[in-house]
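Bear in mind that the values in this text are calculations on the coordinates, not laboratory data. The structure presented is a predicted model; accordingly, all values stated were derived computationally and were not measured. For neighbour counting, all protein chains shown are included, and Cβ atoms are generated from backbone atoms with ideal geometry for every residue, glycine included.
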Amino acid sequence: MTQDELKKLVAKAAISHVTELPVPPGGLVLGVGTGSTVNFFIDELAVLRDRLAGAVSSSERSSERLRGHGIAVLDGNAVERVPLYIDGADEIDGNGHMIKGGGAALTREKIVADLADRFVCIADESKRVEQLGRFPLPVEVIPMASSQVMRALARLGGRPELRAGVVTDNGNVIVDVHGLRIADPAAMEAEINQWPGVVCVGIFARNKADVCLLGGAGGVQTLVF
Ligand code: 5RP
């Protein structure tokens with residue numbers, strides 16, 4: 001199976017996590033992430049649009065796709081909680097800790113993940129790692145602090161590179177850090193997050209996945225953390 005076929009497979013599997021939710025009066029509000037795997041999920045979600053009041057989305061791209069399917073996009077401020085957040089990952093370890101932000105949407109992804117009662121990660125098996133850090137770690141940074149933050153990231157042992165030509169939905173830049181070995185994801189997330197100029201680091205340890213639907217040659221494996 002191709003990587004796209006695996007992504008489609010897990011996107012379809014994620015639909016059962018939506019249909020098992022009770023539909024409150026007025027309809028369900030879901031959290032919806034960003035990326036090529038989530039795009040397949042949004043396409044699948046279209047058939048359930050009548051159950052939905054709408055979605056809180058983690059990017060302008062996903063919002064556009066949701067609206068294209070007739071699914072309303074709600075502001076994060078309009079909801080107190082969402083029962084479920086579906087999103088992809090760039091890497092996921094055996095504890096449900098992830099690296100995210102390959103699509104530059106990490107900050108809004110973490111905001112929506114934090115609104116959610118349950119985070120279901122959808123990914124193909126290439127994303128499963130023993131230790132985070134093979135994928136360059138994305139960090140969203142306020143532009144005037146990029147050099148300062150890059151020097152601090154180099155002191156941590158990584159090789160930071162400014163992602164060329166990318167401005168996030170929030171008007172910031174992305175620094176990708178190569179060569180980091182992330183032995184303690186929660187500690188590194190807390191450390192980098194507190195630096196002035198850092199908006200968000202793409203380690204999702206505090207907001208880890210509760211479940212991962214992992215697509216492989218043998219079908220969809222459900223990992224529960
Ligand atoms: C975007 C993300 C995505 O979830 C991550 O990059 C995975 O994307 P894809 O489903 O295209 O492999 O974090 O910021």
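I'd like the projected area of the chain, averaged over all directions, using the convex hull of its alpha carbons. Report it in nm² with one decimal. Spell out each step's value before the answer.
Details: hull surface 47.5 nm².
That works out to 11.9 nm².
Which semi-axes, in whole Å and largest first, does the equivalent ellipsoid of the range 137-201 have when worked out from the alpha carbon gyration tensor as the square roots of 5 times its eigenvalues?
Semi-axes (√(5λ), whole Å): 18, 12, 11.
Which ³J(HN,Hα) values, rounded to whole Hz and listed in residue order, are derived for the range 163-169 from phi using the Karplus coefficients 6.51, -1.76 and 1.60 in 6.51 cos²θ - 1.76 cosθ + 1.60 with θ = phi - 60°, glycine and proline given as x?
So the J values, rounded to whole Hz, are 6, 5, x, 10, 10, 6, 4.
What lysines sit close enough to Lys12 to cross-link, taking a C-alpha to C-alpha distance under 22 Å and skipping anything fewer than 8 places away on the same chain?
Result set, ordered by chain and number: Lys100, Lys127, Lys208.
In whole Hz, what ³J(HN,Hα) sequence does the range 84-93 give by Karplus (6.51, -1.76, 1.60; θ = phi - 60°), x for Gly and Pro?
So the J values, rounded to whole Hz, are 8, 10, 10, 7, x, 7, 8, 8, 9, 9.
What's the FRET efficiency of Arg49 with Ala190 using the Cβ-Cβ distance as r and R₀ = 41 Å, to the nearest 0.05? List each step's numbers first, then the result.
Numbers: r = 39 Å, r/R0 = 0.95.
Using R0 = 41 Å, I get an efficiency of 0.60.
At Ala154 and Val23, where each label point lies 7 Å from the Cα along Cα→Cβ, what is the point-to-point distance in nanometres?
5.6 nm
Val166 label point, 7 Å along Cα→Cβ, cut-off 13 Å on backbone N: hits in the range 114-141?
Output list for this probe position: 135-141.
With the alpha-carbon atoms as the only input, what is the per residue convex hull volume for the range 54-137 in Å³?
Numbers: hull volume 8.0 nm³, N = 84.
Value for the range 54-137: 95 Å³ per residue.
Just to confirm my numbers, what's the Cα centroid distance between the range 152-175 and the range 69-139 in Å?
One Cα centre to the other: 19 Å.
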